Every structure is written in structure tokens, then in C-alpha cells.
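The values are calculated or read from the model by the stated rules, or taken from the named source; none is laboratory data. All values reported here derive from a predicted model rather than from experimental measurement. All Cβ positions, even for glycine, are placed from backbone atoms using ideal geometry, and neighbour counts span all protein chains on display.
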Amino acid sequence: MMFDKLRLKLTIIYTGIFSLLVVMIVTGCIILLGHSVLTHEKQQMRDLIIHEGEEYVESGELPVSNHSIEVGRELAYMLKPGSDEVLHDQVSGSPVAQQLFALRDKWPNQDRKVKWLTLRDANDRLWIYIVGRDQIMDGTASAATLYMFKDLSDYYYEEQGEVVWLVLMSLFFICCGAGIGYYLAGRSIKPIREMFKRQREFVADASHELRTPLTVMGIAAEGMEGDTDSKFSEFTADTLKTMRMEIKRMNNLVAALLSLARNDAGVAEVRLEQVNFNVLLEQTAGTLSILAQQKGLKLELQLPPERLIIWGNRLRLEQLLTILIDNAIKYSLSGTVTVSALRHNQQLVIRVDDEGIGIDAADIERIFERFYRVDKARTRAEGGFGLGLPIAKIIVEQHQGTIEVESKKAGGSCFIVKLPLTMQR
Ligand code: ADP
């Protein structure tokens, strides 16, 4: 599960980088293509104005006779030098004449200079023109200023179709890239997966092996404590008590580690049965009420009159309730711990509310991490290892539910667990 998420994350990163490269290459190609077309057309335009000018001087014929309008869609416009007198005008006949004249300021103002103009006609169609300007020389005197226009819009519209193809091809490449990324991500996490597996097996084996000697030691320590025939000094009696408590702590730690390791290895068996939640909660709260009493806290139960029947694992659900209620008691100095359960939209909603020390917003994000404790000194004194909530989370996930925490302004925290009443199996 964890590695599946990691693999997905890596695949997304690989695909993202690959997509960026594809987009950059495709954009680069389009820009390069457009640039080379424009450079070529500008050069041709330069050649054309020079050629048309020379021809005019030689033959006296006006540049760009009508046939070239049909073929190359070039338009000529000639002015008498030094005045606004129009010697020749093909622009007025064009469908975008008005727009071309409106852009007059943008026409080239230097001889043999070529510029490109973009304009929109009344139907909002985009037109791209390149304009070149030159002087037609008759001997040493200027006979006319010649402007030549050429419509390049077709390139643009043809390129649009090509861009669609390029985009489709890019999408195809990105999909292939995602497939390759998924494969590579799988390969790159394989050694980590193996290492993790070995480490998990080690934790599981070590916890398992430690259980028996710890149980034996616990029984032995209890036996010695209860041996009233032997006279122990006060020091030995105290040491025995400390030993017994530490063995109990170790036992709890080993049990928690084993539970987590089994779950990680996917061998944790969760047998489902019909559980009467009202009874389960009453029993669990009953057991823990002694702890609450010892700390001078009130433990209150709020259950609806209806029976809440859930498909789940009785032992694991009991463990979940124990962790949450035990924490509420551990991290409260006074007040009431309220545990409630109700049915809401086909869900069982369990709330464990306390009036204790609360949890900072920054810590809320982390309390479900293994071995995370907000106040290490305090939780050690309370006997915690920071493994309760991670186990609670796993139990909730095994029951396809959710767990969230609210830290209340007035102080205290509230853990809310939502479990589906009918699980999908
Ligand atoms: P622990 O065994 O240390 O209690 P948990 O995993 O159960 O470990 O909890 C992790 C940390 O979250 C605790 O150390 C504590 O700081 C904080 N915490 C859990 N429950 C509560 C609560 N009801 N009120 C305040 N803090 C809590």
C-alpha cells in the first residue's frame, strides 16, 4: 500500500518531467518552424520588391499585375515620393483594406525593410500580412515608394491543423512516458521494498521472540512480589516493583510492534463478525472507568436506545476504543471524558471527547505517525510509546472507516471515528 503510493508518486513525477520535456520540444519546434517560415517569406518579400521595382523602371509596367494577386495574393501600393498621391492601389480591393489602412503607422518606414502585421476582419478572422517597402529609382531620382503586401494567413491556419496533430502525438508520447515511468518507478523502488520487507520481518520475528521471555519474566517478577514467605528488604521490594512495571511496559511495546509488523506484512487476520457495539463500548468503558476514577475524572457514556450492530472484529474494535479512551484519560488532568456513539447516514460515528491538555494544530498532523509523541517526557511518564494512534488508524482502515481529531478552543481534544455499518467485502 505504502509502496503503491510511492510508485504512483514517482510515476507522476517522471511523467510530469517527461511531459514538460515533450511540451518544451513541441513548443520549440512550432516556434522554430514559424520563425523559419517568416524568415524565408521576409527574404522573398525583399527580393520581390526589388525585382518589381526594377521591372517597373525597365518596362514602365505597374508591379504585380493581376495574375499575381490570384497566385501569390500579393498586393501592391505605390505612392508618389514626397506626397500622398497614390500611383497604384491594389490594397483597396482587398477584403481587409480598411484594417490595412488603419495600420498605416505600422507599415515599414525604411526602404527594403519588411515587417509583419496581424489584423482581424469584421468576422473576427485573423489575418497575417507581411509588408515590404522600397523606392523605385528612375536613374538617381525616386519614381515611387512601393509597398508590397503578402497574406500569410494560410500558413497560420494550416499550422493550426498541424498543431492539433502535434498535440495528439504529444499526448500519445506522454501516455507511453507514463507507462515507462510506472515501470521504472517499480524497478527503482524494488530494492527499497525488499529492504523494508526484511526489516519488517526482523521486527516481527524479534517481537515474537521477545514475547515469551518477557511473559516468563513478568510472571516470575509477579511471583516474587507475591512471595510473602521471603523477607525482602525495602530496596529489593522497590526494585522488584520497578522491574515488574518495566516488564509490563516492554510487553505492551512488543505487542504493539508485533501488531504493526503483522499489519505491514499483510498477514494480520481480521475476521469479521456481527458486533453489538453498545455492549462492546459499555464493557470497554467499564474496564477503563477504574483508571478514570484513579485520576479523579468522570467517564460518561452516551449511547442511543437502538442497538448499533456493526460488522467488524470485536477484539480490534475493543483495542481501538481502549486506545482512544485511555489516551483521553492519560492526557486529562480534570473534567469529563465523554464517549458517544450514534448512527448517522449508514455510518457508526464514535466520538471520544475530553477536557484535557489538547493537541496543537502542528502536532495534529503528526500524532498518527509511529513513535510520535507531543511531549516525550510526559508520555513516557504515562507509559506511552507513540504507537497507540498508529494502531488505532490501522484498525479504522481495516474497517474501511476514517479517524479525525479536533483540538477544541476551550481545551481538550475530540477523536471522531466513522465506520460504515455495512462493510464492503
Ligand atoms: P501514546 O502511547 O504516547 O499515547 P499515541 O500514539 O496514542 O501514543 O498518541 C500519540 C501522541 O498524541 C501522544 O503522545 C500525545 O502527545 C498525543 N495525544 C493522543 N491522544 C491525546 C489526547 N486525547 N489529548 C491530548 N494529546 C493526545
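Looking at the structure I just gave you, is Lys248 under 24 Å from Glu318 (Cβ atoms) and out of contact with any Gly (no Cβ under 6 Å at 6 or more places or on another chain)? Yes; evaluated as a whole, the condition is true for this residue. Entry remark, the range 210-242: residues being under 23 Å from Gly388 (Cα atoms) and touching a residue at least 12 places away in the same chain (Cβ under 8 Å) number 5 in total. If you go through the range 394-404 and keep only what is within 12 Å of the ligand (Cβ to nearest atom) and modelled with pLDDT of 95 or more, you end up with just Ile403. Take the range 327-366 and flag every residue that is in contact (Cβ under 8 Å) with a residue 24 or more places away in the chain and near the ligand (Cβ under 8 Å from one of its atoms). Residues satisfying the conditions are Asn327, Ala328, Lys330, Tyr331, Ser332, Val352, Asp354, Gly356, Ile357, Gly358, Ile359. Got a number for residues in the range 291-307 being within 16 Å of the ligand (Cβ to nearest atom), in a strand (DSSP E or B) and not aliphatic (A, V, I, L, M)? Of the residues in the range 291-307, 2 are within 16 Å of the ligand (Cβ to nearest atom), in a strand (DSSP E or B) and not aliphatic (A, V, I, L, M). Restrict the check to the range 18-39 and report whether at least one residue is in a helix (DSSP H, G or I), under 30 Å from Val267 (Cα atoms) and within 26 Å of the chain's Cα centre (by Cα). Within the range 18-39 (the criterion being in a helix (DSSP H, G or I), under 30 Å from Val267 (Cα atoms) and within 26 Å of the chain's Cα centre (by Cα)), the answer is no, since none of the residues qualifies.
Inside the range 225-262, residues that are of a type outside the set (Ser, Thr, Tyr) and either touching a Phe, Trp or Tyr at 6+ places or on another chain (Cβ under 8 Å) or within 30 Å of Met2 (Cβ to Cβ) (or both) make up a count of 14. Counting only helices (runs of 4 or more DSSP H) that sit completely within the range 308-425, those holding 2 or more residues that are more than 33 Å from the chain's Cα centre (by Cα) and surrounded by 18 or more Cβ atoms within 10 Å (Cβ to Cβ) correspond to 314-330. Using the structure shown, decide if Gly161 is small (Gly, Ala, Ser), modelled with pLDDT of 90 or more and not in a strand (DSSP E or B). When the stated conditions are applied, Gly161 does not pass them.
Of the residues that sit in the range 110-142 and are surrounded by fewer than 18 Cβ atoms within 10 Å (Cβ to Cβ) and in contact (Cβ under 8 Å) with a residue 60 or more places away in the chain, which one is farthest from Leu32 (Cα to Cα)? The residue in question is Asp138.
Count of the range 212-254 residues, restricted to those that are crowded, with 16+ Cβ neighbours inside 10 Å and under 25 Å from Lys197 (Cβ atoms), is 2.
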